[in-house]
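Below you'll find the structure, written out as structure tokens, and then a few comments.
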Amino acid sequence: MIYTEFLIYFTIIPIVILFLILKKHTDRIFLKWTVIVSVIAFLATTLWDNIAVYSGIWHFPEEKTLGLKLCYVPIEEYAFFFLQTYMTALVQLAFLVLIKKKNNSSISLGFIFLPFLFFSVNEIVKYPFGNWYYLFCLFTWSGFFILIQFIWGRKKLFNYLPAIFIPAIIMTVYFSIADSISISNGILDFDKLQTIGLKVFNVPPEEILFFLMTNLLITVAMILFLPEYFLKMQNGTTKF
């Protein structure tokens, strides 16, 4: 299996199935904000992935990709940024149609800023953290974005915590299993000197935390941007 096949089997096909199931709930508002969140996710995650590949935290063997790169990262990985956003947003939508939450707060838009300082200090901070470097980069990067989101939208977010955390956890389990298959097929590997050395099956716990943090960034952003009428729908009763 190569990376392109992985994307087809584990993201594109499930997205198509989810979209067909949820078609009557995916109005223009949902589609618009999903695209916007996917662009934000792309911009934010591009920095992180390039740092990770540049630092050698993880590596994509050339024979498992199309061989096309933007900076240090293969184009398939950039496609994954978008596809993960769409898939997680659809799973969150599936959860939303099953619940009805009351919320009187207004929408707060938490805009994120990319800490490009990471590139200039990368080699300085890399060696003192050693096996903990993946975790250091992950929590510094994702923690920054999540903190900004909760500062700006905490009143609204606290009313939708189940719709934030449950879909994020579901997708973390899903992508961790998919990643296990990816690792088994040699699409991705990790630097033993920059990870703590533990494995859940064949997946480093840092990688599982990466999926948790990125899925949280997506579900939080979707709640922040989607309007109240959309979030209050239950069992398909809301008309669009």
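The values are calculated or read from the model by the stated rules, or taken from the named source; none is laboratory data. As the structure is a prediction and not an experimental result, all values here were calculated from the model. Please note: Cβ atoms are built from the backbone with ideal geometry, for glycine as well, and neighbour counts cover all protein chains shown.
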Filter region 6-61 for residues that are among the small types (Gly, Ala, Ser) and in a helix (DSSP H, G or I); the one that is modelled with the lowest pLDDT is 55
* Asked: Out of curiosity, is residue 217 more than 23 Å from residue 63 (Cβ to Cβ) and either surrounded by 19 or more Cβ atoms within 10 Å (Cβ to Cβ) or touching a residue at least 12 places away in the same chain (Cβ under 8 Å) (or both)?
  -> yes
Picked from region 187-213 (must be among the β-branched types (Val, Ile, Thr) and farther than 24 Å from residue 62 by Cβ), the residue farthest from the chain's Cα centre (by Cα) is 196
Every listed condition ((1) surrounded by 15 or more Cβ atoms within 10 Å (Cβ to Cβ); (2) not in a helix (DSSP H, G or I)) holds for residue 170 save (2)
Q: With the condition kept exactly as written, say whether any residue in region 111-127 is of a type outside the set (Phe, Trp, Tyr), surrounded by 13 or more Cβ atoms within 10 Å (Cβ to Cβ), within 21 Å of residue 219 (Cα to Cα) and modelled with pLDDT of 80 or more.
A: no
Among (1) under 15 Å from the mean Cα position of the chain (by Cα); (2) farther than 29 Å from residue 9 by Cβ, residue 174 falls short only on (2)
Is it fair to say residue 77 is part of a helix (DSSP H, G or I) and either in contact with a helix residue (DSSP H, G or I) (Cβ under 7 Å, 6 or more places away or on another chain) or at pLDDT below 85 (or both)?
yes
Exercise for the section: Take residue 184 and decide whether it is touching a strand residue (DSSP E or B) at 6+ places or on another chain (Cβ under 8 Å), among the polar types (S, T, N, Q), farther than 18 Å from residue 40 by Cβ and at pLDDT 85 or above. Expected result: no
Reported set for region 25-81 where residues are buried (at least 18 other Cβ atoms within 10 Å of the Cβ) and of a type in the set (Asp, Glu) is 49, 76, 77
Picked from region 179-193 (must be surrounded by 17 or more Cβ atoms within 10 Å (Cβ to Cβ) and of a type in the set (A, V, I, L, M, F, W, C)), the residue nearest to residue 205 (Cα to Cα) is 190
